[in-house]
Amino acid sequence: MNKKISRLRGMYDVLPDESWIWQRIEHIVEETFQSYSYQQIRFPIVEKTQLFHTTIGEATDVVEKEMFSFQSRSGNSISLRPEGTAGCVRAVIQNQLCNRGATQKLWYIGPMFRYERPQKGRNRQFTQIGAEYFNVESAHADAELILMTARLWKNLGLPNIQLEINSLGTSQSRKAYREVLIAYFQQHSELLDEDAQRRLLTNPLRILDSKNPNMKEMINNAPLLSDYLDDESKEHFQQLKSILDACKISYKINPKLVRGLDYYSKTVFEWITTDLGSQGTICGGGRYDSLVELQGGKPTPAVGFAMGVDRIVEIIKDLKLWQNNNESKTYLIVDKEVAMETAYELSEKIHQALPQLRLFMNQSPTSFKAQFKKADKMGAQFAIIVGQEEAKSGKITLKYLRNKEIGQQSFEFAEFVSFMNKQQ
Ligand code: ATP
Ligand code: MG
């Protein structure tokens, strides 16, 4: 016997007892983003490795440790996408979507891949939904994205999600802060762990994001970026806050929020839930005004976010927020003596007349009793019985499985259709 082949570590199958949650999330996301006039963009799962190195930054966790990279048959290094912004920006440039100052409000959904240590809320293949707003420099764009995510939490019915915001300033103002920060960390070099030492000169801001408890106090006492912001960045941040205030979106200003990727400037934000333990960030985003240019496009200010769908599914499951109503509503019970051709003719006639009806048809009919049992177990509300009588007359016998008092009723086909339409 062959040995069973199992799935890769950190990658999961979404089974029917959970796939309905994913489907409903996707549906609600689509409706919500559409209601803000964002259009979907789809781009490849695999890109040239160089794209991610340039975009995300060499001294980041994602590029240093987490990429799934391999050689293509022609010997080029290619990678599974670890996030969506890099590919989205590439697609926008390559397809000239922002030429002549055109703005774009785009969103995407799809699998991302990161070689991380698997744990709750941290998978090697996971799904992100993201949005990117191109070519508006003011914080009005940042505000719209944050309001749209807040609307999404409402539409999904997710409780206990808090917004944290910060400003990383323009790259000029960050330069001044960078020097001060490097000097501060050098004064405390004995406390820096290996990652921090490596990043001291390449990416000192990332050290602020460290989760190492031994560095916590030293990081807490570090100089604050907010003291080094230039007027332009301060004004931009103020604009964002005043729109959030006007729309009664509460937020916490977290001066240590720097986000894990290199490309951000000015606004950064995260939505954090208290319902998931340590993997509590369900959505993160920010402004990346220099990224399009960095990838070789014309200067195009932009802002975006990405949310982890796997973590949202966890919350919905853990808190039992939703009930599955995707199950079959109606079970077609066929008498063993009735020709399958007749049963199929009827079921196709039903699908034609009632396209929304979820009808389960048993392809290997057993006894009536066994079929009723299955229908019951499935949670069906109605059974349509196709006995020899019905096969001859063309009438429909409907049995109420959840209401013993009404029991069973016989209908002409047209009556049956209008009855079922009223049920849905
Ligand atoms: P974290 O600090 O949790 O590692 P991150 O900063 O690496 O997050 P982003 O790159 O900003 O995350 O991705 C946005 C969102 O995607 C995260 O907030 C999270 O919800 C989700 N996400 C990121 N990595 C994973 C993963 N390995 N498994 C599941 N979801 C993930
Ligand atoms: Mg990460």
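Here are the numbers for this structure:
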{"read-out": "Selection from GLN381, PHE413, LEU332, by position along the positive dipole direction of the range 301-424 (Cβ)", "value": "GLN381"}
{"read-out": "LEU15-MET378 pseudo-label distance in nm [points 7 Å out on the Cα-to-Cβ vector]", "value": "2.0 nm"}
{"read-out": "Per-residue HN-Hα couplings for the range 266-276 [Karplus 6.51, -1.76, 1.60; θ = phi - 60°; Hz; x = Gly/Pro]", "value": "6, 4, 10, 8, 9, 9, 10, 9, 8, 8, 10"}
{"read-out": "Partner lysines for LYS175 [C-alpha distance under 20 Å; skip if fewer than 8 residues away on the same chain]", "value": "LYS234, LYS256, LYS266"}
{"read-out": "Whichever aspartates and glutamates have a C-alpha closer than 18 Å to that of LYS395, once near sequence neighbours (fewer than 8 apart) are set aside", "value": "ASP335, GLU337, GLU341, GLU345, GLU348, GLU412, GLU415"}
{"read-out": "Relative contact order for the range 175-229, counting Cα pairs under 8 Å that sit 6 or more residues apart, in percent", "value": "44 percent"}
{"read-out": "Heavy atoms of ASP61: accessible area, 1.4 Å probe, square angstrom to 10", "value": "40 Å²"}
{"read-out": "Dipole in debye (nearest 20) - the chain, about Cα centre, beta carbon charges: Lys, Arg +1; Asp, Glu -1", "value": "940 debye"}
{"read-out": "For MET112, distant residues with modelled amide H under 5 Å away", "value": "PHE126, THR127, GLN128"}
{"read-out": "Most positive-pole-ward Cα, LEU291, ASN254, LEU106, against dipole of the chain from beta carbon charges", "value": "LEU106"}
{"read-out": "Given charges at beta-carbon only (K, R positive; D, E negative), |dipole| of the range 276-422 in Debye", "value": "400 debye"}
{"read-out": "Of every Cα-Cα pair in the chain, the percent that sits beyond 34 Å", "value": "46 percent"}
{"read-out": "The range 357-424: C-alpha gyration tensor shape, a/c 1.5 cut-off, then a/b vs b/c", "value": "oblate"}
{"read-out": "The range 69-89 residues near the modelled ALA59 label - backbone nitrogen below 20 Å, point 7 Å along Cα→Cβ", "value": "none"}
{"read-out": "Expected 222 nm ellipticity per residue - DSSP helices of 4 or more, -39500 (n - 2.57), all of the chain, to 500", "value": "-11500 deg cm²/dmol"}
{"read-out": "Label-point separation, GLN50 to LYS211 (7 Å along Cα→Cβ), nm", "value": "3.4 nm"}
{"read-out": "Estimated distance in nm for a label pair at GLN363 and GLN119, the labels positioned 7 Å out from Cα along Cα-to-Cβ", "value": "4.5 nm"}
{"read-out": "Rel. contact order, % - alpha carbon contacts under 8 angstrom, at least six apart, the range 330-423", "value": "31 percent"}
{"read-out": "The range 104-110 - phi-based ³J(HN,Hα) in whole Hz, Karplus 6.51/-1.76/1.60, Gly and Pro as x", "value": "9, 10, 10, 9, 9, 9, x"}
{"read-out": "Fluctuation leader among SER367, SER173, SER35 - the chain, Gaussian network, Cα springs under 10 angstrom", "value": "SER367"}
{"read-out": "Förster radius 22 Å - calculated FRET efficiency between LEU224 and GLU194 (Cβ-Cβ, nearest 0.05)", "value": "0.30"}
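The values are calculated or read from the model by the stated rules, or taken from the named source; none is laboratory data. Fair warning: this is a prediction, and the values are worked out from it, not measured in the lab. Because the Cβ atoms are built from the backbone with ideal geometry, glycine has one as well, and the counts that use them run over all protein chains shown. Ligands, DNA and RNA are stripped out before the accessible areas are found, and what is left, the full protein with its side chains, is counted by its heavy atoms. Shrake-Rupley method; radii C 1.70, N 1.55, O 1.52, S 1.80 Å.
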